Structures are given as C-alpha cells and as structure tokens.
1. Please list Glu265, Glu143, Glu106 in order of solvent-accessible area, largest first, computed with a 1.4 Å probe with all protein chains present.
2. Evaluated at 20 °C with a viscosity of 1.002 mPa s, what Stokes-Einstein diffusion coefficient in µm²/s does the stretch 489-627 have when Rh comes from the Kirkwood expression over alpha-carbon pairs?
3. What does the extension gain come out to for Arg549 and Thr479, with contour length at 0.36 nm per residue minus their alpha carbon separation?
4. Subtract the Cα-Cα distance of Leu341 and Gln557 from 0.36 nm times their separation in residues, and report this length gain in nm to one decimal.
5. Relative to a virtual label point 7 Å from the Cα of Glu136 in the Cα→beta-carbon direction, which members of the stretch 144-167 show backbone nitrogen distances below 15 Å?
6. Around Thr499, what is the net charge, scoring Lys/Arg as +1 and Asp/Glu as -1 over all other residues with Cβ under 11 Å from its Cβ?
7. What does the highest-first list of 165-176, 481-492 look like by mean Cβ count within 10 Å?
8. Could you tell me the largest-minus-smallest coordinate of the C-alpha atoms of the stretch 367-464 on each of the three principal axes, in descending order and whole angstroms?
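The values are calculated or read from the model by the stated rules, or taken from the named source; none is laboratory data. Keep in mind the model is a prediction, meaning the values are calculated, not measured. Cβ coordinates were reconstructed from backbone atoms using ideal geometry, including for glycine residues, and neighbour counts include every protein chain displayed. Keep in mind that these areas ignore ligands, DNA and RNA; they rest on the heavy atoms of the full protein, side chains included. Shrake-Rupley method; radii C 1.70, N 1.55, O 1.52, S 1.80 Å.
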Amino acid sequence: MRSWHLLIGVSLALTSAWAVAQDAPESLLPKMFDEPPARATPSAAPASPASTGRPAANASSAPRAVSTPVIQALPTEPAPFIPAEAFVTTDADGKSTLTRMPTLEELQGMSPEAFEQLLTDKLNLDMPAGARRSMEQVGLVDESEGGLAATSLSAQNPYLVQTALAANRGALISRWGHILLRRALASRLDAPPGMSPQQFIALRVGLLIRMGETDAARAVLQGLDISNFTPGITRQAFDIYQRTADFTGMCPVLSIQGLQADNAEWSAAQSICDAFRGSGAAALSRLERARVSGKMPRIDALLAQKYAGAAGRSRKAVTIEWDGVDTMTPWRYGLAIGVGLAPPDSAMAGAGPMYDYVTALAPMVGLERRAAAADRAAASGIISNAAMVDLYAQVYADPDVSGDWQKRAEALRDAYTLDAPAARLSAMQSLWTGTGGGEASYARQVLTAAAAARVAPSKDLEADAPALIASMLSAGYDTNALAWSSIVPSGSAGWGLLTLAAPGRIRAVDTSAVDTYYGADESRNKRRSAFLVAGLAGLERIDQGAASRYSNDWGMQLDSATHFTKAIDAAATAGDAASVALLAGLGMQGSSWQRMTPRYLYHIVSALRTVGLEAEARMIAAEAVTRA
C-alpha cells in the first residue's frame, strides 16, 4: 500500500513539474496593481527639477513593471520509451507487485497507455492482517438471527453438499421451499470438511443467482474480500452486477482481479469503469470501436456507451434503436434498465422468469412494470407479502399510474379499509380472479394475506373460508388461520389446510375425515388428497397404519426408497439441518407442482420436522395441498 501511495505522489509531482515548466502567465490585473521592482541605487545624482523643465512629480515616478516569459529549453534528445512492465512483476497466480518506484525521467518516457497500465494494473496491495476478513462462516445471518447452525455441515460428505448445490437449477415449485433454501444459503456456515471456503461460497452464490436472488447473492459475496476472489467467483460477481444494473459496482473487482474473460462484455465493463473514473472520452472511443468493428452487437455497444456516458457525466447523446432486436441477455437488460429504458415486447418475447425477478427488485423500473413482474416473483418466494403491499401502495399514491393497475391498488386498499367483512372479501376476490390461475393466482393470495388475516371468523363466510385460509398461510399467518377451525367442517378443504398448518403436536386425525376429504376432492387424479396424506404422515399427524393403507390403495409408494430419500433421511437422522434444507431444495425442483410426488413430499416434510424445521414443514405441506 505504501508503494501505491508513493506512486500516486510521484505522478502528482510530475504533473506539478510540467505545470511549472509552462510560460509564466501574464497578469490580468490593471497595471496599477503590479508590484514595482526593487529600487536600484543611482550611479549619479539625479537632475534637478528645474533643469528638466518637468514637474517634480513626474521626475520621481517609478518605471513600469514588465512580465518576462520563462521558456523551457527543448531537450537535446527524446526520452527513451519505458514500458510499465519494467516496474511490475507478475506471479503464477496473476498477482502483480510493484517492484520499485519509477523516477521522474522514467515517467516522462512512458506513453499514456503504459502510465495508465501502471496505475490500473492488478496490483498486490498489502493489507494489514487485522483488516482482513476471515473466509470462515461467510454469510448474512447467524443462528441467533434465524440462520442455521454454523457447524451443521461439519460431519457431512463434501461431495453430497457439492451435488446438492451444483445440481440445483434454481427453479423450485414451492414458495416456502425457496424461502427455506435462501435462508440456508445466506446462513453463516462452515464449509464441510474437504471443501475450501472459497469453493463453498462459490457454490452458494451460484445457486442464489440461479434462484433469482441477486440481492442476497451480492450480499453474501460482499462478505468476502476481493483479494480472496477466485476466477470463478470473479465471474459470478460480474453476473451479479450486470443483473442488478450496477456495472460500476464491478469496478473494484476489475481493478484487483482484472478481466476474467476475453470477450466484448468484459472489455466494455472495463471501459465503463474507466469512464466512471474520469476517462470518459477514451472509454467512449473504445466502445465505439467495438461497435464499428463488430466485436459487440450494435444494441449492446450503444447501451454500453449510454451507460458509460452517464457514469462519466458525458454530454454525448446516444440514440438507442431496438429495430431487429428479438432476444434478451442479462447484459443487455441490465444496461437498459440502468439507463432508464424499457426494452420492447419484441425483445422480451420468450425471455425467462429471471427477468421478472430482476424487474420486481429493480427500484429504477416503472411501477406498472414492477407490479406486473411481482406476481411471478411473489409466487416463487423472492418478494414477501409486505414488499408486495408496499409496491401496490406506491402504485395507489402515484397520480401517473392509471388503468387496471390503479384499480387493483384501490381494490387492495378496500380489502384493508372497508367496514363490512363481506365487502373486504369481495375486494380480495376481485384480485384473485382474472389472473388465469397458476402462479399469478397464488401470488395474489400472497398479496392479500395480511388483509385476509384481518377478517374475523364468521359462519356467514364459511363457503369462502378455504380461500381466506390459503391466502393467510401463503404468508405464514398460521395463528390467524387457526381461528377458523371452529367454522370449517371436518373433512372440508379448509379443514385439510388447518390440520396441516396447525402449530404444535395434535392428535391423529380421524380417517373418516380423510375419506370425506377424498370424496369431495375435485383435483386431477385426487392429487390434493394424496398430498394431504403425505403431509400428515410426514408431520406424524395420522396413524402409521392408516398412512400405509392409503399409500397402497392410492399408489403413493410412501414406503419405497430412492437415492434421494435415503440421503435426506440420513441427514435428518444425523440432525444436519443445513443438509436437509439443501436436499429439500434439490427435491423440489420443477416448473409446477405437477412435478412433485407424494413420496418426495412425505420424506421432505418428515426430514424437516425431524431437524426442528417444523414451521417450514407445515407451510410446505399446506402449500402443496393449496397448489396441487
């Protein structure tokens, strides 16, 4: 670090020397303010006033001061060219170290490119040991804050952990499973034996990115010193910052770790950082060359120029034209929203759910676009009920938002403020209907969860109790939902949800109620009834013999084993909550609940209950029945 400071000081001294070498500036003040020169001793007596025939005042006036320019002599021969490599050594790991300080003469002989390379090279800056952060237990929450125990993986096979993290594609069918997995990945955990802390962090951050949890991924990654980044972690950082439209956030990483890929996007990111540091003209010139040469698609180069101009406060106008753009990439989308642009529908056609997750979390995006994307984000578990209510409150308060989204915001307000419970229920139903079902319908139940919890149980609303209970449980209002237990009849849809979601131990359910539920079940292939029995068996709320009978009669195969069920059962027996959470996330991958089997649901719920994650087990079981 001392060498770095000395280098900056030498460069400043050099610029000062160049400034002194310029011509002395001519004074802009009136001549009366010029300092008179020192009086010289006369060699002869001055003539008397009488002999000159001039007034005495003129005879004693001082001569006028004259500025004398200082001209630097031209060098007799040009200074020799000095490359930056003469002062920097690079080891096998790519770390560069400043070997000695260049002299003023050597700095004069360096080209602007070499001087810039010397200042921006990936230097090995010394950091005091006390200022370095440990790579152990990197995360956001510890056990006292709701995270998992730090030593949960202390006895686990590292290959199993690696498989559970690397094989998970990030798309989970369960909102509560997503929430549980995010919590496990963000916990302050020790790496399992045989796995380095950096590899463990890279696996966790990579899965968070695939889940759409870019904010959580960035927070976990920022717990690691940049000097400890591996090439893989550096590439993950690039992915995070482009998804969050925070390209200047990548600048410290590029300064220390350098470019980790030889492509146009990484070079453009470096140009954006150069513009942010003040070299706007040179950065824009490089981006223009990349566009003209075809190294980068035209739309990407123009967006990069616009972003770099904003970062460097350039006044250059860049016109963005989307003609012919029919695909979207994270780089392209991040640049677009970063400069306040909305890509056209033609470019977003076929874009995956990841862009909705980014949009829902991006504060610079318009409220209507964020509200439209919030349905998918809420159903997946990325945003909470409170976040959705806050978003709709902004929509309601914004006079520029009109049409359907303003009506929806007004309906949500009515669900909270109207006096009659039936009127509040009607407002909630207007939000539930017209969504086309699926994720959007469940997301609206998440939106109204707190409003549903404010409705007092009433026999007059018995027919609508299942929808209200499902809405409450989507956001974890289990205590409020349980207040409806005296209203819903045994064997009804509401009874099934409450039997699964009730906290604490309850007595085994009556099989006659299960038979009644099965008879009224209108879901495809009686999937709700199968999930109900699987959830009750996993929570130990049904007699084991009855569960086996239902399993055989309905073909659920609860007692059969697979590699997955053996692994999660073993982790539960060992009391390894972190492994159970990771394996549960692995087993709940898919695009819809049609991908889930009663057998997997039973083992996941049972394992979560065994390791003390009963609340998550109850909510996952209730969600399975709701969304079957």
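1. So, going from the largest accessible area down, we get Glu143, Glu265, Glu106.
2. Here the translational diffusion coefficient equals 145 µm²/s.
3. Extra length available between Arg549 and Thr479 comes to 22.0 nm.
4. Working: separation 216, 0.36 × 216 = 77.76 nm, distance 5.23 nm.
Stretched out fully, the Leu341 to Gln557 stretch lengthens by 72.5 nm.
5. Residues passing the 15 Å test: 150-155.
6. It works out to a net charge of +2.
7. The densest-packed peptide leads the list: 165-176, 481-492.
8. 39, 29, 22
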